[in-house]
Amino acid sequence: MPTEVFINLPDSKKQLLIDAAFKTFCDKPYHLVSINEISQNLGITRTAFYYYFTSKEDIYEYIIKLIKKDFLDNYVYNQDKRLNLFEIFISLFIFLSNFKNDQKQNFIIDLFYNIGYNGEAELLEEIINNGELQSFRKFKGFEEYSMNTLEEKEEVLRILLSIVYHEVIIYYLKDVDINDALASLQKKFDLIKYGIIRNEELNNA
């Protein structure tokens, strides 16, 4: 988390710092960005950087949290209906599709390639925990799905997230219409929902 000094800055100053840092991570992959480079783009010294953030990872994770908050606030919490699990991930795709041909697209692609298991867990934690606590007010919950344990829920969420990753990357890098991209995503989700084995084959298994 950012330091208290950063938290207590005026919102306009905080936004300037975040925008400059965000641009740095958009220009280069995460592993190539240095604190010196971030500090230079922020217009501050390396020493001053540590007044606001403890590390490169700190400011990177803070930017990710802001993106996640933007998604939840504007694509989930503001809906008039309670969303089911698949609708939430379709909304995530639509949210991320807005970054196409924007400089932020590079940030999202790099994030997907480097997020790793722990990063996925953090990204999905809000859905899992709030679904369990029934405080995720725009989520229908897990009661309508065949998932009996937390491990099963986590694995299903990771499968859906991986599908979204795949479709977003294709949409970013190829000449694909947004409606075609959404149709492709829906087809893959339908395979998850309805299965790939016919009922009669299941009965004969």
Inset, instruction - Could you pull out the residue among Asp19, Asp58, Asp27 that is in contact (Cβ under 8 Å) with a residue 60 or more places away in the chain and of a type in the set (Asp, Glu)? - result: Asp27
Inset, instruction - Can you tell me which residue among Tyr60, Tyr77 is of a type in the set (Phe, Trp, Tyr), within 27 Å of Ile7 (Cα to Cα), at pLDDT 85 or above and out of contact with any helix residue (DSSP H, G or I) (no Cβ under 6 Å at 6 or more places or on another chain)? - result: Tyr60
Legend entry - Flag if Ser12 is more than 20 Å from Ile108 (Cβ to Cβ), exposed (fewer than 13 other Cβ atoms within 10 Å of the Cβ) and at pLDDT 90 or above: yes
Legend entry - Test for Phe71: is it outside any loop (DSSP other than H, G, I, E, B) and in contact (Cβ under 8 Å) with a residue 24 or more places away in the chain: yes
Inset, instruction - Please specify each residue of the stretch 91-109 satisfying the condition of being under 12 Å from the mean Cα position of the chain (by Cα) and either of a type outside the set (S, T, N, Q) or at positive phi (or both). - result: Leu92, Phe93, Ile94, Phe95, Leu96, Phe107, Ile108, Ile109
Inset, instruction - Kindly provide the set of residues from the stretch 2-42 that are touching a helix residue (DSSP H, G or I) at 6+ places or on another chain (Cβ under 7 Å) and not in a helix (DSSP H, G or I), ordered by number. - result: Pro2, Thr3, Pro29, Val33
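Yes/no matrix, rows are residues, columns are (1) modelled with pLDDT of 90 or more; (2) open to solvent by 40 Å² or more (accessible area, probe 1.4 Å); (3) within 29 Å of Tyr60 (Cα to Cα):
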site	(1), (2), (3)
Tyr113	no, yes, yes
Glu126	no, yes, yes
Asn179	yes, yes, no
Phe189	yes, no, no
Legend entry - Candidate set: the stretch 20-58, residues that are surrounded by 14 or more Cβ atoms within 10 Å (Cβ to Cβ) and aliphatic (A, V, I, L, M); chosen: the one nearest to the chain's Cα centre (by Cα): Ala21
Inset, instruction - Please indicate, with yes or no, whether at least one residue in the stretch 94-105 is surrounded by fewer than 19 Cβ atoms within 10 Å (Cβ to Cβ), over 17 Å from Leu182 (Cβ atoms) and modelled with pLDDT under 85. - result: no
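The values are calculated or read from the model by the stated rules, or taken from the named source; none is laboratory data. All of these numbers come straight from a predicted model, not from anything done at the bench. Cβ atoms come from the backbone with ideal geometry, glycine included; neighbour counts cover every protein chain shown. For accessibility, only protein heavy atoms count, side chains too; no ligands or nucleic acids. Shrake-Rupley method; radii C 1.70, N 1.55, O 1.52, S 1.80 Å.
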